[in-house]
Amino acid sequence: MDTVFIVILVIVAVIILWLIGVYNGLIRLRNRVKEAWSDIDVQLKRRYDLIPNLVETVKGYMKHEEGVLTKVTEARSKAMNAKGAEEKGKAENMLSDTLKSLFAVAESYPDLKASQNFLQLQDEISDTENKIQASRRFYNGQVRDFNTKIQIFPNNVVAGMLKFTAEQFFAIDNEKEKENPQVKF
């Protein structure tokens, strides 16, 4: 009788320790996903802060391109107000497209291209875009790890009981990213 009781107690203890391990692993991965999202937010905030300076610098040179500047400002506003990975991804893609259009139009203005302030802002935005891409990759890697953990058996049973749900990837519209911006004069 004592041996059976000890075996049952050991089995229960092992199950409890396993559940604690799975739970702690899920929490750790969920926190990494949140941290990675925060890294994206930091880089996006930096880009949002640079765009008004870029628009102001460009305004003086591009009197006839008010529509491009308006689109950049509107896209920035939509991106800043977007919620969730999917909506944020779409808004950010639109903002990237409008910035590409702005830089493409700027090619037609030699004085603007020679402006030190414009060149510096263009370099900073380019650097920020690279950091955003790196942050997106890091975030998506963390989401992949988290989603895998909650979807594999037997973790999926525990994750389901504890109401862990899959996170969304920060996706881009691949077809739009491959297109060249349309520039019309």
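Here, each number is a calculation from the coordinates, and none is a lab measurement. Everything numeric in this text was worked out from a predicted model, so none of it was measured. Cβ atoms come from the backbone with ideal geometry, glycine included; neighbour counts cover every protein chain shown.
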Treating every alpha carbon of the chain as one equal point scatterer without solvent, the Debye formula yields log10 I(q)/I(0) values at q = 0.13 Å⁻¹ of -0.75
If r is the Cβ-Cβ distance from K78 to I152 and R0 is 41 Å, what FRET efficiency results, to the nearest 0.05? 0.65
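Above 25 Å lies some portion of the pair distances; for the stretch 49-145, what is it as a whole percent of all C-alpha pairs?
Working: 1074 of 4656 pairs.
Everything past 25 Å amounts to 23 percent.
For T3 and S126 in one chain, what is 0.36 nm times their gap in residues minus the Cα-Cα distance, to one decimal in nm? Please list the in-between numbers first.
Numbers: separation 123, 0.36 × 123 = 44.28 nm, distance 6.88 nm.
Gain on extension, T3 to S126, equals 37.4 nm.
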